[in-house]
1. For residues that are assigned to a helix (DSSP H, G or I) and either surrounded by fewer than 20 Cβ atoms within 10 Å (Cβ to Cβ) or out of contact with any Gly (no Cβ under 6 Å at 6 or more places or on another chain) (or both), tally how many sit in segment 60-71.
2. Taking Cys54 and the conditions (1) surrounded by 16 or more Cβ atoms within 10 Å (Cβ to Cβ); (2) among the hydrophobic types (A, V, I, L, M, F, W, C); (3) modelled with pLDDT under 65; (4) touching a Leu at 6+ places or on another chain (Cβ under 8 Å), which numbered condition does it fall short on, given that it satisfies the others?
Amino acid sequence: MSALEISTGTHGLKVINMNDSLSCNQAHPRTIDESILSNLAEHQMHVKGAHKCCQCAYNSGYQQGSLLQKFISLDIESLGDSHASSDGHYKSIHQAFALGYSDGVNSFIRS
């Protein structure tokens, strides 16, 4: 593992900077390990969520959780498009968002 790897201590999550290997063209400040994405359900709730990036959904949730926002929302239209399995292709963006929110809250508590 690279020196950029940071263990967050939640859900066996490791944050790894792999932006060069992702097909989504948006920046991912925090990138979850592909093994975590493989645990997400293979379901995208509706057509609007199809081919959307789980890394983007995770980051949105993490940001909102780390700010302890009372009213959270997943803006599906703002997520990057993804067709690569490492981005969570066909995985639940809703679960990725919820995981990010939980980890964001945990990072707030630890700091």
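The values are calculated or read from the model by the stated rules, or taken from the named source; none is laboratory data. This one's a predicted model, so the numbers in the text were calculated from it and none came from an experiment. No Cβ is skipped: glycine too gets one built from the backbone with ideal geometry, and neighbour counts run over all protein chains shown.
1. 4
2. Here Cys54 clears every test but (3).
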